[in-house]
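The structure appears below as structure tokens.
Just so you know, all these numbers are worked out from the coordinates, no wet-lab data involved. Owing to the predicted nature of the structure, the values given are computational and were not obtained by experimental measurement. Don't worry about glycine lacking a Cβ; one is built from the backbone with ideal geometry, like all the others, and counts go over all protein chains shown.
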Amino acid sequence: MENVYFSESHEYVRVEGEYGYVGITDYAQHQLGNVVYVDMPEVDDEVSAGEEFGAVESVKAASDLISPVSGEVVERNDALEDTPELINEDAFANWIIKVKLSDPSELENLMSEDEYNRVCE
Amino acid sequence: MSDKRTCLYEKHLALSAKMVPFGGFEMPLQYSDITDEHNAVRQACGVFDVSHMGEVFVEGREAEKFVQYIFTNNIEGAEIGKIYYGMMLHDNGGTVDDLLVYKMADEKFLLVVNAANIDKDYAWIEQHAKGFDVTTVNASESYGQIAIQGPNAEVVCERILQLPCSELAFYTFKETEHHGETIIVSRTGYTGEDGFEIYGSHAYIQWAWDELMESGEVKPCGLGCRDTLRFEVGLPLYGDELTDDITPLEAGLGMFVKLDKPQFIGKEALVQQKAEGLKRKVVGIELNARAIPRHGYEVVDAESEEVVGEVTTGYCSISTGKSVCMAMVNIDQAVLGKPIKVKIHRKLQEGVVTKKRFYEKNYKK
């Protein structure tokens, strides 16, 4: 996949121009099991690379979401409020937040799909 | 020290269970999915490996006198075949463990204790048994145990295992000969549904497990749904709602503490606590949003937002779909319908104080 970057904490960011769509990887949703709640930041909140911005929860456990990039939240995937299980159906299509990237050079610290797949093996 | 394995460990691996450490054992968290397993128990029948539970026998001329001394419930003159739920307490009223007491014979009792507490409990029991004409035996490693739970449990146990179950009343048991050995069948459980718990040798429990699995009429269920099931019906878990520092009165379990008994360890502390009034108590909380309250999260006053307690267990309840929790709160917060907040991740979530039972039990009395 072009323009998609991965973190060691199993988030991805798909970059389109100056925006990044952030979600959890298919590997992460599989490890977590049925997602029953997604805790998301508000639009206009600032997120920072390497810092927590929310959580995805299964019945048994909460897993922190760590932002792979820094910037301002310009949109959130509100469909996840009522149907969090969309993440299990397609984690890549169902991104969690859309961020206006404040420092695109941060992407260099992330992994390509091939590199990420090796980490997950 | 590595975790112990139950006699069904290999069976769990064969079923591709997700294994986790619990109470010093490697136990199945789930086989398929916690929600499916939970619903199987509410609607049909689920089977749990509960071989990690501890079995301690107390036998001898003063067995009843001794159990009366260490146990909060009243077993005086109990009939053989009856089961009692209650606690063992420290002198200060804090809880050593919660347990079931089975009256096996006039001078013989079986104490079923929590896995994580087996060593602590047995040391405590031995220490207090000095001066009583009793012998105590920790038989935990000789026994396997399975729990068969759900509205179909009776039919399943009778038809597949050929065990005499319909004759058993709730909280009674029977010792019975089966496949050449003596086993214990009791009408008990930890799910809020009708069901049975079977105690036997490792070989017997392995046989029973295989028979049940081969029948296709039961679902193997892990500790994940065991917790969501017991939580919904307000049953406590030692470590959450009860600890060395929490008294049964604070946990709302006063009906299992017979303060009119002449004597038991911890009685004086509880009499005093009752006279002075509780300072804190376990309540239920229902949240307005879907955010999930979990063990250890702070509970705050709805107005001042000062910390007034903490969550002991919480889930998005599978049977009701509501975000609910049990929480230990200051007594002035323990008013039904009172607004209260729980800190979840970075936000304060609004809720109200409720009863600590979120789903009605479905026992066969």
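The loop-placed chymotrypsin sites (Phe, Trp or Tyr not before Pro) in segment B:85-181, going by DSSP, that have at most 15 neighbouring Cβ atoms within 10 Å of their Cβ come out as B:Phe170. Within straight-line reach of B:Lys108, meaning a Cα separation under 16 Å, sit the following aspartates and glutamates at least 8 residues removed in sequence or on another chain: B:Glu55, B:Glu59, B:Glu62, B:Glu64, B:Glu76, B:Glu79, B:Glu126, B:Asp133, B:Glu175. The lysines whose alpha-carbon is closer than 19 Å to the alpha-carbon of A:Lys100, local same-chain residues fewer than 8 away aside, do not include any residue.
Give the calculated FRET efficiency between B:Glu126 and B:Lys18 to the nearest 0.05, with a Förster radius of 51 Å applied to their Cβ-Cβ distance. Working shown, then result.
Details: r = 36 Å, r/R0 = 0.71.
Working from the Cβ atoms, E equals 0.90.
As a ratio to 2.2 N^0.38 Å, the alpha-carbon radius of gyration computed for segment B:85-195 takes the value 1.21.
Once you keep just the Cα pairs under 8 angstrom separated by 6 or more residues, what percentage relative contact order results for segment B:279-354? Provide the component values of the computation, followed by the final result.
Numbers: 202 pairs, mean separation 30.2, N = 76.
Relative contact order, segment B:279-354: 40 percent.
Take each residue of peptide B:344-351, count the partner chain Cβ atoms within 10 Å of its Cβ, and average: the result is 3.
In segment B:31-116, which trypsin sites (Lys or Arg not before Pro) fall in coil by DSSP and have 13 or fewer other Cβ atoms within 10 Å? Please list the in-between numbers first.
Values: sites: B:Arg42, B:Arg61, B:Lys65, B:Lys82, B:Lys103, B:Lys108; in loops: B:Arg61.
Listed in order of number, the matching sites are B:Arg61.
All C-alpha pair distances within segment B:1-149, sorted into 5 Å bins from zero, spread as 2, 9, 17, 19, 16, 14, 11, 8, 4, 1, 0 percent across the bins. Inter-chain Cβ neighbour count for B:241-248, averaged per residue, equals 0 (cutoff 10 Å, partner chain atoms only). Report the local net charge at B:Glu310: Lys and Arg +1, Asp and Glu -1, summed over other residues whose C-beta lies under 12 Å from its C-beta. Net local charge, B:Glu310 excluded: 0. Taking every DSSP beta bridge that has both ends in chain B, the antiparallel portion is near 95%. Straight-line reach from B:Lys356: taking Cα to Cα under 19 Å and skipping same-chain neighbours fewer than 8 places apart, the aspartates and glutamates in range are B:Asp98, B:Glu193, B:Asp227, B:Glu232, B:Asp240, B:Glu241, B:Glu250, B:Glu286, B:Glu298, B:Asp301, B:Glu310, B:Asp332. Shielding by partners for peptide A:54-65, expressed as the average number of C-beta atoms from other protein chains within 10 Å of each residue's C-beta, is 5.
For chain B, go through all pairs of different Cα atoms, get the mean of 1/r, take its inverse, and jot down that Kirkwood value in Å. Spell out each step's value before the answer.
Details: mean 1/r = 0.0471 Å⁻¹.
With all distinct Cα pairs of chain B included, I get 21.2 Å.
Taking other Cβ atoms within 10 Å as a rough exposure proxy, B:Cys45, B:Cys221 sort from fewest to most as B:Cys45, B:Cys221. The alpha carbon convex hull volume per residue for segment B:54-128 rounds to 78 Å³.
At full extension, A:Glu72 and A:Ser112 could sit 12.1 nm farther apart than now, given 0.36 nm per residue minus the alpha carbon distance. Here the Kirkwood formula puts the hydrodynamic radius of the protein assembly as shown at 24.6 Å, using every distinct Cα pair. To the nearest 500 deg cm²/dmol, what mean residue ellipticity at 222 nm is calculated for chain A from DSSP H runs of n ≥ 4 alone, each contributing -39,500 (n - 2.57), summed and divided by the residues? The helix-only estimate for chain A comes to -4000 deg cm²/dmol at 222 nm. Put a dot 7 Å past the Cα of B:Glu268, heading toward its Cβ, do the same for B:Lys347, and the two dots end up 5.1 nm apart.
Too long at a 24 Å Cα-Cα cut-off: which of B:Lys120/B:Lys364; B:Lys18/B:Lys341; B:Lys103/B:Lys258; A:Lys60/B:Lys82? Distance filter (> 24 Å) returns B:Lys120/B:Lys364; B:Lys18/B:Lys341; A:Lys60/B:Lys82. Electrostatic tally near B:Glu175: other residues with Cβ closer than 12 Å to its Cβ, Lys and Arg +1, Asp and Glu -1, net +1.
Mean 1/r over all different Cα pairs, inverted: what Kirkwood radius does segment A:4-102 give, in Å? Walk me through the intermediate numbers first.
Numbers: mean 1/r = 0.0770 Å⁻¹.
Taking every pair of different Cα atoms in segment A:4-102, averaging 1/r and inverting gives 13.0 Å.
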